[in-house]
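Working notes, structure below.
The values are calculated or read from the model by the stated rules, or taken from the named source; none is laboratory data. Fair warning: this is a prediction, and the values are worked out from it, not measured in the lab. Cβ sites come from the backbone with ideal geometry, for glycine too, and all protein chains shown count toward neighbours.
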Amino acid sequence: MKSDRVLSTADERRAKVVSSAVATFAQGGFHAVTIADVAKHAGISPAYVLKLFTSKTQLFTAALEECYRRIMAEFKRAGDSAEDASPTGVLDAMGEAYADLIGDRDLLMLQVHAQSAATVEPLIGEAVRGGIAALTDYLASRTRVEGWRIQQFLAVGQLCHLLTTIDAFDVDAPWAKLLTEGIRHADARPSGSPAD
(Lines give C-alpha, C1' and ligand atoms only; values in the text may rest on other atoms or scores of the structure.)
Protein backbone atom coordinates (compact mmCIF):
# COMPACT_ATOMS: atom_id res chain seq x y z
CA MET A 1 0.00 0.00 0.00
CA LYS A 2 2.78 2.42 0.78
CA SER A 3 4.18 2.17 -2.75
CA ASP A 4 0.72 2.95 -4.20
CA ARG A 5 0.57 6.12 -2.10
CA VAL A 6 4.06 7.16 -3.18
CA LEU A 7 3.09 6.59 -6.81
CA SER A 8 -0.12 8.53 -6.29
CA THR A 9 1.78 11.42 -4.72
CA ALA A 10 4.31 11.42 -7.58
CA ASP A 11 1.45 11.38 -10.12
CA GLU A 12 -0.27 14.22 -8.28
CA ARG A 13 2.91 16.29 -8.23
CA ARG A 14 3.52 15.66 -11.92
CA ALA A 15 -0.06 16.73 -12.71
CA LYS A 16 0.41 19.84 -10.56
CA VAL A 17 3.65 20.72 -12.36
CA VAL A 18 2.01 20.25 -15.78
CA SER A 19 -0.97 22.38 -14.75
CA SER A 20 1.42 25.07 -13.50
CA ALA A 21 3.35 24.83 -16.75
CA VAL A 22 0.14 25.45 -18.73
CA ALA A 23 -0.58 28.60 -16.71
CA THR A 24 3.00 29.87 -16.57
CA PHE A 25 3.94 29.30 -20.21
CA ALA A 26 0.60 30.79 -21.28
CA GLN A 27 1.50 34.01 -19.49
CA GLY A 28 5.11 34.37 -20.57
CA GLY A 29 5.70 32.10 -23.53
CA PHE A 30 8.33 29.45 -24.10
CA HIS A 31 11.37 31.69 -24.30
CA ALA A 32 10.70 33.94 -21.29
CA VAL A 33 9.52 31.37 -18.75
CA THR A 34 12.06 29.33 -16.80
CA ILE A 35 11.77 25.99 -15.05
CA ALA A 36 12.16 27.94 -11.81
CA ASP A 37 9.07 30.01 -12.72
CA VAL A 38 6.99 26.88 -13.22
CA ALA A 39 8.35 25.33 -10.02
CA LYS A 40 7.49 28.46 -8.03
CA HIS A 41 3.94 28.45 -9.41
CA ALA A 42 3.59 24.77 -8.49
CA GLY A 43 5.12 25.24 -5.05
CA ILE A 44 7.74 22.60 -5.84
CA SER A 45 11.52 22.93 -6.05
CA PRO A 46 13.15 23.41 -9.47
CA ALA A 47 15.25 20.31 -8.76
CA TYR A 48 12.10 18.21 -8.40
CA VAL A 49 10.69 19.61 -11.65
CA LEU A 50 13.94 18.63 -13.36
CA LYS A 51 13.55 15.10 -12.02
CA LEU A 52 10.20 14.95 -13.81
CA PHE A 53 11.20 16.80 -16.97
CA THR A 54 14.79 16.89 -18.16
CA SER A 55 14.46 20.15 -20.11
CA LYS A 56 12.27 23.21 -20.50
CA THR A 57 11.29 21.97 -23.96
CA GLN A 58 10.07 18.67 -22.49
CA LEU A 59 8.09 20.56 -19.82
CA PHE A 60 6.53 22.88 -22.41
CA THR A 61 5.63 19.89 -24.58
CA ALA A 62 3.92 18.21 -21.60
CA ALA A 63 1.92 21.40 -21.00
CA LEU A 64 0.93 21.51 -24.67
CA GLU A 65 -0.11 17.85 -24.61
CA GLU A 66 -2.28 18.63 -21.57
CA CYS A 67 -3.85 21.50 -23.50
CA TYR A 68 -4.73 19.20 -26.40
CA ARG A 69 -5.99 16.57 -23.94
CA ARG A 70 -8.41 19.13 -22.48
CA ILE A 71 -9.58 20.15 -25.95
CA MET A 72 -10.13 16.53 -26.95
CA ALA A 73 -12.07 15.82 -23.75
CA GLU A 74 -14.28 18.83 -24.41
CA PHE A 75 -14.87 17.80 -28.04
CA LYS A 76 -15.89 14.32 -26.88
CA ARG A 77 -18.18 15.69 -24.17
CA ALA A 78 -19.81 18.13 -26.58
CA GLY A 79 -20.21 15.53 -29.31
CA ASP A 80 -21.77 13.03 -26.94
CA SER A 81 -24.23 15.57 -25.52
CA ALA A 82 -25.12 17.40 -28.75
CA GLU A 83 -28.86 18.04 -29.05
CA ASP A 84 -28.61 17.70 -32.82
CA ALA A 85 -26.97 14.31 -33.47
CA SER A 86 -26.46 14.97 -37.20
CA PRO A 87 -22.82 15.26 -38.35
CA THR A 88 -23.01 19.04 -38.72
CA GLY A 89 -24.94 19.32 -35.44
CA VAL A 90 -22.19 17.45 -33.61
CA LEU A 91 -19.50 19.60 -35.25
CA ASP A 92 -21.42 22.76 -34.29
CA ALA A 93 -21.68 21.55 -30.69
CA MET A 94 -17.93 20.99 -30.64
CA GLY A 95 -17.38 24.51 -31.99
CA GLU A 96 -19.57 25.97 -29.25
CA ALA A 97 -17.66 23.99 -26.64
CA TYR A 98 -14.35 25.22 -28.02
CA ALA A 99 -15.54 28.84 -27.90
CA ASP A 100 -16.22 28.34 -24.18
CA LEU A 101 -12.94 26.50 -23.64
CA ILE A 102 -10.73 29.28 -25.01
CA GLY A 103 -12.44 31.66 -22.63
CA ASP A 104 -9.71 30.20 -20.43
CA ARG A 105 -6.96 32.42 -21.81
CA ASP A 106 -4.30 29.96 -20.59
CA LEU A 107 -5.35 27.35 -23.16
CA LEU A 108 -5.65 29.98 -25.86
CA MET A 109 -2.30 31.65 -25.18
CA LEU A 110 -0.43 28.38 -24.73
CA GLN A 111 -1.46 27.42 -28.26
CA VAL A 112 -0.42 30.83 -29.60
CA HIS A 113 2.99 30.55 -27.91
CA ALA A 114 3.36 26.95 -29.12
CA GLN A 115 2.82 27.98 -32.74
CA SER A 116 5.51 30.61 -32.36
CA ALA A 117 7.98 28.27 -30.62
CA ALA A 118 7.31 25.48 -33.12
CA THR A 119 9.31 27.32 -35.75
CA VAL A 120 12.52 27.15 -33.69
CA GLU A 121 12.02 24.10 -31.45
CA PRO A 122 11.52 20.85 -33.43
CA LEU A 123 10.06 18.94 -30.44
CA ILE A 124 7.44 21.61 -29.93
CA GLY A 125 6.70 21.56 -33.66
CA GLU A 126 6.17 17.79 -33.43
CA ALA A 127 3.84 18.25 -30.43
CA VAL A 128 1.78 20.87 -32.27
CA ARG A 129 1.51 18.64 -35.35
CA GLY A 130 0.64 15.63 -33.18
CA GLY A 131 -2.04 17.53 -31.30
CA ILE A 132 -3.61 18.97 -34.45
CA ALA A 133 -3.43 15.56 -36.14
CA ALA A 134 -5.21 13.84 -33.25
CA LEU A 135 -7.92 16.51 -33.10
CA THR A 136 -8.41 16.46 -36.87
CA ASP A 137 -8.61 12.66 -36.98
CA TYR A 138 -11.14 12.68 -34.15
CA LEU A 139 -13.28 15.41 -35.76
CA ALA A 140 -13.29 13.54 -39.08
CA SER A 141 -14.08 10.11 -37.62
CA ARG A 142 -16.66 11.36 -35.08
CA THR A 143 -18.60 13.66 -37.40
CA ARG A 144 -17.96 12.09 -40.82
CA VAL A 145 -18.48 15.48 -42.46
CA GLU A 146 -16.78 16.45 -45.71
CA GLY A 147 -13.13 17.44 -45.47
CA TRP A 148 -13.81 21.06 -46.34
CA ARG A 149 -16.05 21.34 -43.26
CA ILE A 150 -13.18 20.18 -41.04
CA GLN A 151 -10.92 22.74 -42.74
CA GLN A 152 -13.51 25.45 -42.15
CA PHE A 153 -13.96 24.38 -38.51
CA LEU A 154 -10.22 24.64 -37.84
CA ALA A 155 -9.89 27.89 -39.80
CA VAL A 156 -12.67 29.52 -37.79
CA GLY A 157 -10.97 28.24 -34.63
CA GLN A 158 -7.77 30.03 -35.64
CA LEU A 159 -9.76 33.17 -36.40
CA CYS A 160 -11.32 32.91 -32.93
CA HIS A 161 -7.79 32.71 -31.47
CA LEU A 162 -6.83 35.91 -33.26
CA LEU A 163 -10.02 37.79 -32.40
CA THR A 164 -9.88 36.75 -28.76
CA THR A 165 -6.17 37.54 -28.44
CA ILE A 166 -6.62 41.09 -29.74
CA ASP A 167 -9.96 41.62 -27.89
CA ALA A 168 -11.67 42.34 -31.20
CA PHE A 169 -15.08 41.49 -29.69
CA ASP A 170 -14.79 44.62 -27.56
CA VAL A 171 -13.73 46.94 -30.40
CA ASP A 172 -16.42 49.22 -31.84
CA ALA A 173 -15.06 49.62 -35.37
CA PRO A 174 -16.22 48.43 -38.79
CA TRP A 175 -13.29 46.03 -39.26
CA ALA A 176 -13.94 44.37 -35.90
CA LYS A 177 -17.67 44.07 -36.56
CA LEU A 178 -16.95 42.49 -39.94
CA LEU A 179 -14.55 39.90 -38.49
CA THR A 180 -16.62 39.04 -35.40
CA GLU A 181 -20.05 38.91 -37.03
CA GLY A 182 -21.66 35.54 -36.39
CA ILE A 183 -18.81 34.35 -34.16
CA ARG A 184 -19.56 33.70 -30.52
CA HIS A 185 -16.91 33.81 -27.85
CA ALA A 186 -16.70 33.35 -24.12
CA ASP A 187 -15.52 36.20 -21.94
CA ALA A 188 -12.07 35.55 -20.56
CA ARG A 189 -12.13 33.90 -17.15
CA PRO A 190 -9.41 33.25 -14.65
CA SER A 191 -7.24 30.19 -15.11
CA GLY A 192 -8.85 27.02 -13.87
CA SER A 193 -12.39 28.39 -13.85
CA PRO A 194 -14.99 25.98 -15.18
CA ALA A 195 -16.83 26.77 -18.39
CA ASP A 196 -20.32 28.20 -17.98
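Numbers for the structure displayed
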{"item": "Condition met for Gln58 (in contact (Cβ under 8 Å) with a residue 40 or more places away in the chain, within 30 Å of Pro46 (Cβ to Cβ) and surrounded by fewer than 20 Cβ atoms within 10 Å (Cβ to Cβ))", "result": "yes"}
{"item": "Filtered residues of the range 15-33 (kept if more than 18 Å from Val112 (Cβ to Cβ) and either over 20 Å from the mean Cα position of the chain (by Cα) or surrounded by 15 or more Cβ atoms within 10 Å (Cβ to Cβ) (or both))", "result": "Val17, Val18, Ser19, Ser20"}
{"item": "Residues located in the range 24-68, provided they are within 15 Å of Leu107 (Cβ to Cβ) and hydrophobic (A, V, I, L, M, F, W, C)", "result": "Phe25, Ala26, Phe60, Ala62, Ala63, Leu64, Cys67"}
{"item": "Residue in the range 137-152 that is closer than 12 Å to Phe75 by Cβ, hydroxyl-bearing (Ser, Thr, Tyr) and without any contact (Cβ under 8 Å) to a residue 12 or more places away in the chain present", "result": "yes"}
{"item": "Among the candidates Tyr48, Tyr68, residue that is farther than 27 Å from Ile150 by Cβ and either over 18 Å from the mean Cα position of the chain (by Cα) or touching a residue at least 12 places away in the same chain (Cβ under 8 Å) (or both)", "result": "Tyr48"}
{"item": "Residue that is surrounded by the fewest Cβ atoms within 10 Å (Cβ to Cβ), among those in the range 61-118 that are β-branched (Val, Ile, Thr) and over 14 Å from Gly131 (Cβ atoms)", "result": "Thr88"}
{"item": "Single condition Glu121 does not satisfy, out of (1) farther than 26 Å from Thr180 by Cα; (2) free of Cβ contacts under 8 Å to residues at least 24 places away in the same chain; (3) among the acidic types (Asp, Glu)", "result": "(2)"}
{"item": "Top-ranked residue of the range 51-65 - restricted to ones that are hydrophobic (A, V, I, L, M, F, W, C) and under 16 Å from the mean Cα position of the chain (by Cα), ranked as nearest to Thr136 (Cα to Cα)", "result": "Leu64"}
{"item": "Index of the failed condition, Arg5 passing every other in (1) farther than 30 Å from Ala155 by Cβ; (2) at pLDDT 95 or above", "result": "(2)"}
{"item": "Yes/no for Met94 being at pLDDT 95 or above and within 18 Å of His185 (Cα to Cα)", "result": "yes"}
{"item": "Candidates Gln111, Gln151, Gln115, filtered to the one that is farther than 29 Å from Ser55 by Cβ and of a type outside the set (Lys, Arg)", "result": "Gln151"}
